[in-house]
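Please read the structure below before turning to the comments.
A short reminder: the numbers here are calculations on the coordinates, not readings from a lab. Because the structure is predicted, anything quoted here is derived from the model rather than measured. Every residue, glycine among them, receives a Cβ derived from its backbone with ideal geometry; neighbour counts consider all protein chains shown.
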């Protein structure tokens, strides 16, 4: 079943006692209309069964709490593969959607959803980082440890972030989602500094492996509306998954995308083949016994993650890139997430270092696609 608004799956709201009187927490409580359970600050929600079985109930439960660590950090890429150099803004942990391949199942050891309500600290940290003299452009994403918009009907955070970044001169914000929750983006004063992005896949993968997400049609329709509102767009074919009929599936998605969305509004499109830490396979096999995506042949990559053989990745990438290049604007940056120079050269005929590095390529794309940056 497709969920254009995944927050509809949440049935219980937990609130840490130290946060219950924060104005932002009270705003979310009021907006949600959910039953509230207060918990002590040093305790966590409790569910029947051990992890990962408790994820089923945990994904219906949202904890409003305080982030005691840093909000703003460089992307945790690995030195063995090329990273795009963006920065993560950590707004919460976990997601109400339930993708079979989601690394958070193995990366996090908590089943519930967390959202951080001490946003005064978040914006103070951004002030400190972004107002220091720097020649660089910060590309900021909120979709590393959660989906950027899945809870936005409850939190309304997107609008606050959009209007904050609007008044910076060295940052852009990317909101990446598998939802169609965009009402808060309408009429926001974004000034061209927010990119709204969607993860896409073949229809077979979206239907079988991406549970409680918006349908591909809903995602693309939402993207078209955001383009009408003046936003620039991005799309991420990640993870690309080998399955029977994969060529026809990815071709269908690409053609549908460019029938729906104006290509000249797309800043970048990334590709990344399925990769996972060893622990994820056992967790996913227990939770999704009908899925077969982890039972292909894999090798251990330089970063310790299981990956398809390089020849298989190159075959998939080459096909998808060729399909994209039939439609994509010459100002749109096509790039790989966490791949080697060797794969870049096999597919594109160059490595990012030949063009100033991947961060520079993405910055150039921002300058090329219409906007107010």
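Using Cβ contacts closer than 10 Å as the measure, can you line up 112, 242 from fewest to most? List each step's numbers first, then the result.
Numbers: 112 23, 242 16.
Going from sparsest to densest Cβ surroundings: 242, 112.
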If we count other beta carbons within 10 Å of each Cβ, what is the order of 336, 71, fewest first? 71, 336
Please list, by residue number, everything in the stretch 81-118 whose backbone N is under 11 Å from a paramagnetic label point 7 Å out along Cα→Cβ of residue 277. 103-109
Give me the Kirkwood hydrodynamic radius of the stretch 2-114 in Å, from all C-alpha pairs, to one decimal place? 15.7 Å
Mind jotting down the distance between the C-alpha centroids of the stretch 196-253 and the stretch 333-373, whole Å? 21 Å
Just want to confirm a number: the relative contact order over the chain, from Cα pairs under 8 angstrom separated by 6+ residues, in percent. 17 percent
Quick one: grab the alpha carbon gyration tensor of the stretch 201-299, order the square roots of its eigenvalues as a ≥ b ≥ c, and give me rounded if a/c is under 1.5, else prolate or oblate depending on whether a/b is larger than b/c. prolate
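Full-extension gain between residue 20 and residue 83, please, as 0.36 nm times their residue separation minus the C-alpha to C-alpha distance. Please report the intermediate quantities before stating the final value.
Working: separation 63, 0.36 × 63 = 22.68 nm, distance 3.87 nm.
Difference between extended and current length: 18.8 nm.
For the peptides 144-151, 325-332, what is the packing order when you average, over each peptide's residues, the other Cβ atoms within 10 Å and list the highest mean first?
In descending order of packing, they fall as 144-151, 325-332.
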Order of 229, 268, 246 - criterion: other Cβ atoms within 10 Å of each residue's Cβ, fewest first: 229, 246, 268
Quarter of the surface of the C-alpha convex hull for the stretch 254-373, i.e. direction-averaged projected area in nm², equals 9.3 nm²
Using the basic label-point model (7 angstrom from Cα toward the beta carbon), what is the residue 56 to residue 327 distance in nanometres? 3.8 nm
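Under 1.5 on a/c is rounded, so check that first for the chain, then, if it is not, pick prolate when a/b is larger than b/c and oblate when it is not; a ≥ b ≥ c are the square roots of the alpha carbon gyration tensor eigenvalues.
Cα axes put the chain in the oblate bin.
Rounded, prolate or oblate: which one fits the stretch 77-187, using the alpha carbon gyration tensor with axes a ≥ b ≥ c (rounded when a/c is under 1.5, else prolate when a/b beats b/c, else oblate)?
Working: a/c = 1.75, a/b = 1.22, b/c = 1.43.
Oblate, because a/c is 1.5 or more while a/b does not exceed b/c.
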Quick check: the distance between the Cα centres of the stretch 101-121 and the stretch 276-302, to the nearest angstrom? 21 Å
Please give the FRET efficiency for residue 187 paired with residue 38, using the beta carbon to beta carbon distance and R0 = 41 Å, rounded to the nearest 0.05. 0.70
Spin-label pair residue 354/residue 167, simplified geometry with 7 Å Cα→Cβ offset, distance in nm: 4.5 nm
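Quote the relative contact order of the stretch 11-114 in percent (integer), defining contacts as alpha-carbon pairs under 8 Å separated by 6+ residues.
On the way: 131 pairs, mean separation 32.3, N = 104.
Once divided by the residue count of the stretch 11-114, the mean separation gives 31 percent.
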In nm, the gap between the two label points placed 7 Å beyond Cα toward Cβ at residue 345 and residue 300 is 2.7 nm
Rank 169, 189, 42 by mean-square fluctuation in a GNM of the chain with C-alpha springs under 10 angstrom and give only the top-ranked residue. 42
